[in-house]
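This report concerns only the one structure given below.
The values are calculated or read from the model by the stated rules, or taken from the named source; none is laboratory data. Please read these numbers as outputs of a predicted model, since none were measured by experiment. Please note: Cβ atoms are built from the backbone with ideal geometry, for glycine as well, and neighbour counts cover all protein chains shown.
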C-alpha cells in the first residue's frame with residue numbers, strides 16, 4: 001500500500017455552489033475514506049421559535065433554504081395545521097400541490113444545470129437555467145417572489161389562482177415539456193454525459209436501504225420511499241414513483257429528468273379538476289399542547305417536520321430534518337473507492353443542499 | 001476605463017445564506033439576465049477575482065474562510081454584499097450563531113438589499129462595484145507614481 | 001390530509017435494543033430530534049416502514065449517557081453528533097464520533113435547558 005495523502009475538499013470549491021468540507025484520504029488517486037465536516041452554514045434558525053410566534057415562523061421556515069423554500073413552507077404549515085386540527089379547504093390543498101410540483105420542476109432544472117456545469121458542459125448548463133426561468137416567471141406573476149414565494153399560509157394559501165394565472169401555468173408547462181424533449185435527449189444519449197456518469201458512484205439497493213437514503217438518490221438505486229405515494233392529494237392524481245435500478249450517477253440523473261416530465265403531468269391533472277370554493281380559512285387561537293410529525297417529499301427527498309406546542313402562541317420546538325441531512329452518510333459511502341476525478345460528480349448527484357442540512 | 005473594469009471577474013461565496021441569493025447570483029450569469037454580456041465572468045479562484053460577491057450573514061465557523069478568501073484576492077478588490085443577510089443579518093439577525101452581516105468581518109463597498117436580492121439589483125450592485133474598482137485602481141496607480149518619483153529623487 | 005401520528009415513550013437504556021428490533025423488522029431510521037426541557041433533554045427517534053411513521057419520545061436527564069444507535073443504523077451519526085454539539089447529550093460507542101467538532105457554534109451547546117446554563121455560569125463565577 002502506498003503512502004496515504006489527505007486532500008481537503010472545499011468549503012470554497014468551483015464545483016460547489018455551497019460550502020461543505022471533506023477530508024479525502026487518498027491512496028494514489030483512489031479515495032479510501034471521506035470524512036464530511038459541516039457547520040459552515042449553521043445559523044440556528046430553529047431556535048428562533050422562542051421569540052417568533054407560530055405564524056411568523058412560517059417565514060423563517062421558508063428561509064431554511066432558498067431552493068426548496070416552497071417545500072419547507074408546505075411541510076411546516078401542514079405540521080402546524082395538524083397540531084391545531086385545522087381543516088384546509090380542498091382548493092388550497094390542490095393549489096399547494098401545483099406550486100410544490102412547479103418548485104420541483106425549477107429545482108430539478110437547476111440541478112440538471114449544475115450537473116452539466118460540474119462536468120464542464122457549459123451550454124447545457126445555460127439551456128437548463130434558461131428553461132427554469134419560465135417557472136420563475138410563474139412564481140413572480142402569482143406571488144411576487146422569484147425564489148422565496150411565501151405561498152403557503154397556515155389555513156390555506158396566500159392568494160388564489162385567477163383564470164389568467166392558470167392559462168399561464170399551462171402554457172409554461174407546454175413550453176417546458178417541449179424543451180425537455182431536447183434536454184432529455186442530451187442527458188440520455190450524449191456520449192460526453194454518458195461517459196462521465198455511467199458506473200460512477202455506484203451504490204446497491206441493499207446498501208441504500210442500510211444507509212436510509214431518501215429522494216431521487218434512493219430512487220436511482222431502486223428504493224421506493226417516496227412520501228408522495230402515501231399522500232392523499234397525490235394519490236388522487238394517480239402518482240407513481242419513478243425508479244431506476246442501476247444506482248450510479250447516471251441513474252440518479254435519469255430519475256430527475258423523468259421527474260420533471262412527471263411533475264408537469266401532475267400539474268396538468270391538478271389544474272384540470274381544480275375544486276371550486278374557499279382557498280383559505282381563518283386560523284384563530286394558539287397551537288395546543290401536543291406534538292405532530294409530518295413528512296413531505298421535497299425535490300431532494302423526504303423531509304420530516306416536527307412541531308411541539310404548549311398552548312401559547314410560541315411553539316416549544318419546530319424541527320426540520322431535511323433530505324440532504326440523511327443523504328450525507330450515503331454520499332460518504334459512495335465516495336469510498338471512487339477516483340479523485342469523480343468526487344465532484346458524486347457530490348453533485350446527491351443534490352446536496354447544505355443550507356437545508358445545517359439550518 | 002482599464003481592462004479590469006471592462007471585464008470584472010467575480011468570486012462568489014456562500015457565508016451561511018439560505019441559497020436564495022446564491023441561485024439568484026447564478027441566475028445573473030445565465031440567459032435572461034446574462035451579466036456575461038458586460039464581460040462579467042464567474043471564477044472559482046480568489047486569486048483571479050476582482051469582485052467578491054458575498055451572500056449570507058457570516059457565522060462563527062466560516063468567518064475565517066471569508067477572511068482568507070478576501071486576503072487571497074489581489075488589489076484592487078471590491079466586496080459586494082448580496083442580500084439583506086449579508087447587509088445586516090436580515091431575518092437571521094437574532095440567531096445565536098450569526099455575526100450579523102459581512103461587514104463584521106471584511107470591509108464592504110456595495111450593499112445590495114433584498115430577500116432574495118433580485119438579479120436586476122445584483123447586476124446593478126456589480127456595476128456600482130466596477131465604479132469603485134476603477135476608483136481604487138486609479139488611487140493605487142497614483143500612489144505608485146508618487147513612490148516612483150520619490151524613489152528617483154533620493 | 002392528516003398523517004398517522006404514533007408517539008410512544010421509551011427509556012434511554014432501551015434505545016439501542018429498540019433500534020435493533022426495528023431494524024430486524026425492516027424499519028428505516030428517519031431522524032433523531034432534540035428538544036430543550038427542564039433538567040432534561042427530550043429526544044425523538046423516528047422510524048418508518050412502508051410510509052408508516054413511528055416516533056419514540058426519550059427523556060434524557062442531564063448527565064445521562066445514551067448508547068449510540070450507530071452500530072445498528074450507521075447513518076445516525078449525523079444526528080447524534082449534532083445533538084451532542086447543540087444539546088450536550090453524550091452518546092457512547094459511536095461508530096463515527098466527531099468529539100464535539102461537528103458544529104462550531106459561537107455559544108457552546110446553545111440548546112441546553114435555561115437552568116443548566118444558569119448553573120454553569122454560577123459554577124464559573126464561584
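Select, from A:71, A:39, the only residue that is at positive phi and in contact (Cβ under 8 Å) with a residue 40 or more places away in the chain.
On the way: A:71 fails: at positive phi.
Result of the check over A:71, A:39: A:39.
Scan segment A:231-257 for residues that are in a helix (DSSP H, G or I) and touching a residue at least 40 places away in the same chain (Cβ under 8 Å) and jot them down. Let's see the steps before the verdict.
First pass over segment A:231-257, keeping only residues in a helix (DSSP H, G or I): A:232-235, A:249-257.
Scanning segment A:231-257 gives A:233, A:234, A:249, A:250, A:252, A:253, A:254, A:256, A:257.
When segment A:65-109 is examined, which residues are found to be assigned to a loop (DSSP other than H, G, I, E, B) and within 11 Å of the chain's Cα centre (by Cα)?
Initial filter on segment A:65-109 (assigned to a loop (DSSP other than H, G, I, E, B)): A:65-68, A:85-89.
If the condition is that a residue be assigned to a loop (DSSP other than H, G, I, E, B) and within 11 Å of the chain's Cα centre (by Cα), then A:65, A:66, A:67, A:68 are the ones that fit.
Consider residue A:174 carefully, then state whether it is farther than 16 Å from residue A:101 by Cβ, surrounded by fewer than 22 Cβ atoms within 10 Å (Cβ to Cβ) and modelled with pLDDT of 85 or more. Step through it out loud before you land on a result.
Details: farther than 16 Å from residue A:101 by Cβ: no; surrounded by fewer than 22 Cβ atoms within 10 Å (Cβ to Cβ): yes; modelled with pLDDT of 85 or more: yes.
So residue A:174 fails the test.
Among the listed residues A:48, A:24, which satisfies the condition of being in a strand (DSSP E or B) and over 21 Å from residue A:110 (Cα atoms)? Write out each step before concluding.
Details: A:48 fails: in a strand (DSSP E or B).
Matching residue, one of A:48, A:24: A:24.
Please note which strands (runs of 3 or more DSSP E) are completely contained in segment C:32-109 and include at least 3 residues that are buried (at least 19 other Cβ atoms within 10 Å of the Cβ).
Working: elements: C:40-49, C:52-61, C:65-67, C:90-92.
Fully inside segment C:32-109 and qualifying: C:40-49, C:52-61.
Tell me which residues, restricted to segment A:40-51, are in contact with a strand residue (DSSP E or B) (Cβ under 8 Å, 6 or more places away or on another chain) and facing another protein chain (nearest Cβ under 7 Å).
A:40, A:41, A:42, A:43, A:44
Is segment B:86-102 home to any residue that is within 11 Å of chain A (Cβ to nearest Cβ), surrounded by fewer than 20 Cβ atoms within 10 Å (Cβ to Cβ), part of a helix (DSSP H, G or I) and at pLDDT 85 or above?
No, segment B:86-102 contains no residue that is within 11 Å of chain A (Cβ to nearest Cβ), surrounded by fewer than 20 Cβ atoms within 10 Å (Cβ to Cβ), part of a helix (DSSP H, G or I) and at pLDDT 85 or above.
Are any residues in segment C:70-99 within 10 Å of the chain's Cα centre (by Cα) and within 26 Å of residue A:213 (Cβ to Cβ), and if so, which ones?
C:76, C:79, C:80, C:81, C:82, C:83, C:84, C:87, C:89, C:91
Output the number of residues of segment B:55-85 satisfying the condition of being facing another protein chain (nearest Cβ under 10 Å), crowded, with 24+ Cβ neighbours inside 10 Å and outside any loop (DSSP other than H, G, I, E, B).
4
(1) in contact with a helix residue (DSSP H, G or I) (Cβ under 8 Å, 6 or more places away or on another chain); (2) more than 8 Å from chain A (Cβ to nearest Cβ); (3) farther than 19 Å from residue A:305 by Cβ: which one isn't true of residue C:77, the others all being true?
(2)
Which of (1) touching a strand residue (DSSP E or B) at 6+ places or on another chain (Cβ under 6 Å); (2) part of a loop (DSSP other than H, G, I, E, B); (3) modelled with pLDDT of 85 or more is the odd one out, the single condition residue B:12 does not satisfy?
Result: residue B:12 fails condition (2) only.
Can you name the condition, by its number, that residue A:166 falls short on among (1) within 14 Å of another protein chain (Cβ to nearest Cβ); (2) touching a helix residue (DSSP H, G or I) at 6+ places or on another chain (Cβ under 6 Å)?
Result: residue A:166 fails condition (1) only.
Which one of B:103, B:45, B:109, B:14 is under 28 Å from residue A:9 (Cβ atoms) and under 13 Å from the mean Cα position of the chain (by Cα)? Talk me through it step by step, then tell me what you get.
Numbers: B:103 fails: under 28 Å from residue A:9 (Cβ atoms); B:45 fails: under 13 Å from the mean Cα position of the chain (by Cα); B:109 fails: under 28 Å from residue A:9 (Cβ atoms).
Unique residue meeting the criteria: B:14.
Kindly provide the set of residues from segment C:23-39 that are closer than 21 Å to residue C:81 by Cβ and more than 7 Å from every other protein chain (Cβ to nearest Cβ), ordered by number. Talk me through it step by step, then tell me what you get.
Keep residues of segment C:23-39 that are closer than 21 Å to residue C:81 by Cβ, which gives C:23, C:28-37.
Passing the criteria: C:23, C:32, C:34, C:36, C:37.
So for segment A:128-137 (the condition being over 23 Å from residue A:276 (Cα atoms) and part of a loop (DSSP other than H, G, I, E, B)), does at least one residue qualify? I'd like the intermediate steps shown before the answer.
So in segment A:128-137, the residues over 23 Å from residue A:276 (Cα atoms) come out as A:128-137.
After this cut, where a residue has to be part of a loop (DSSP other than H, G, I, E, B) as well, the list is none.
Checked against the condition, which is being over 23 Å from residue A:276 (Cα atoms) and part of a loop (DSSP other than H, G, I, E, B), segment A:128-137 yields no hits at all.
(1) more than 30 Å from residue A:285 (Cα to Cα); (2) within 14 Å of chain B (Cβ to nearest Cβ): which one isn't true of residue A:149, the others all being true?
So residue A:149 meets the others, but not (1).
Run down B:35, B:27, B:117, B:57 and say which single residue is more than 13 Å from the chain's Cα centre (by Cα) and under 18 Å from residue A:356 (Cα atoms). Before you say what the answer is, go through the steps one by one.
Values: B:35 fails: under 18 Å from residue A:356 (Cα atoms); B:27 fails: under 18 Å from residue A:356 (Cα atoms); B:117 fails: under 18 Å from residue A:356 (Cα atoms).
So the residue among B:35, B:27, B:117, B:57 that is more than 13 Å from the chain's Cα centre (by Cα) and under 18 Å from residue A:356 (Cα atoms) is B:57.
Among what's in segment A:115-127 and is in a helix (DSSP H, G or I) and touching a helix residue (DSSP H, G or I) at 6+ places or on another chain (Cβ under 6 Å), pick the residue that is farthest from the other protein chains (Cβ to nearest Cβ). Break it down into steps so the answer makes sense when it comes.
We begin by selecting, within segment A:115-127, every residue in a helix (DSSP H, G or I); these are A:115-118, A:122-127.
So of that shortlist, the ones also touching a helix residue (DSSP H, G or I) at 6+ places or on another chain (Cβ under 6 Å) come out as A:115-118, A:124-125.
Numbers: A:115: 14, A:116: 11, A:117: 9, A:118: 12, A:124: 12, A:125: 7 Å.
Per the criteria, the residue is A:115.
Pairs only if they're at least six apart or on different chains, beta carbon under 9 angstrom, first in segment A:14-27 and within 14 Å of another protein chain (Cβ to nearest Cβ) and within 19 Å of residue A:336 (Cα to Cα), second part of a loop (DSSP other than H, G, I, E, B) and modelled with pLDDT of 80 or more; list them, first residue then second.
Note: pairs meeting the criteria are A:20/A:352.
Give the residue that is farthest from residue A:94 (Cα to Cα), with candidates limited to residues of segment A:181-230 that are outside any helix (DSSP H, G or I) and either within 10 Å of chain C (Cβ to nearest Cβ) or in contact with a strand residue (DSSP E or B) (Cβ under 8 Å, 6 or more places away or on another chain) (or both).
First, pick out the residues of segment A:181-230 that are outside any helix (DSSP H, G or I): A:190, A:198-204, A:211-214, A:220-226.
Next, from what is left, pick out any that are either within 10 Å of chain C (Cβ to nearest Cβ) or in contact with a strand residue (DSSP E or B) (Cβ under 8 Å, 6 or more places away or on another chain) (or both): A:211-214, A:223-226.
Numbers: A:211: 33, A:212: 30, A:213: 28, A:214: 24, A:223: 27, A:224: 24, A:225: 22, A:226: 19 Å.
Selected residue: A:211.
Residues to consider are A:299, A:275; find the one that is touching a helix residue (DSSP H, G or I) at 6+ places or on another chain (Cβ under 6 Å) and either under 23 Å from residue A:155 (Cβ atoms) or within 13 Å of chain C (Cβ to nearest Cβ) (or both).
Numbers: A:299 fails: either under 23 Å from residue A:155 (Cβ atoms) or within 13 Å of chain C (Cβ to nearest Cβ) (or both).
The conditions single out A:275.
State all residues of segment A:52-64 that are more than 9 Å from chain B (Cβ to nearest Cβ) and either surrounded by 24 or more Cβ atoms within 10 Å (Cβ to Cβ) or assigned to a helix (DSSP H, G or I) (or both); if no residue qualifies, say none.
Those that are more than 9 Å from chain B (Cβ to nearest Cβ) and either surrounded by 24 or more Cβ atoms within 10 Å (Cβ to Cβ) or assigned to a helix (DSSP H, G or I) (or both): A:54, A:55, A:56, A:57, A:58, A:61.
Among the residues in segment B:15-25, are any touching a strand residue (DSSP E or B) at 6+ places or on another chain (Cβ under 7 Å), touching a residue at least 12 places away in the same chain (Cβ under 8 Å), on the phi > 0 side of the Ramachandran plot and not in a strand (DSSP E or B)?
Filtering segment B:15-25 down to residues touching a strand residue (DSSP E or B) at 6+ places or on another chain (Cβ under 7 Å) leaves B:15-17, B:21-22, B:25.
From what is left, the residues that are touching a residue at least 12 places away in the same chain (Cβ under 8 Å) are B:15-17, B:21-22, B:25.
Now restrict to residues that are on the phi > 0 side of the Ramachandran plot: B:16.
Retained after the next criterion (residues that are not in a strand (DSSP E or B)): B:16.
Yes, segment B:15-25 contains at least one residue that is touching a strand residue (DSSP E or B) at 6+ places or on another chain (Cβ under 7 Å), touching a residue at least 12 places away in the same chain (Cβ under 8 Å), on the phi > 0 side of the Ramachandran plot and not in a strand (DSSP E or B).
Tell me which residues, restricted to segment C:48-68, are over 11 Å from the mean Cα position of the chain (by Cα) and within 14 Å of another protein chain (Cβ to nearest Cβ). Before the answer, list the steps.
So the first thing to find is which residues in segment C:48-68 are over 11 Å from the mean Cα position of the chain (by Cα), and the list is C:48-55, C:61-64.
If the condition is that a residue be over 11 Å from the mean Cα position of the chain (by Cα) and within 14 Å of another protein chain (Cβ to nearest Cβ), then C:48, C:49, C:50, C:51, C:52, C:53, C:54, C:55 are the ones that fit.
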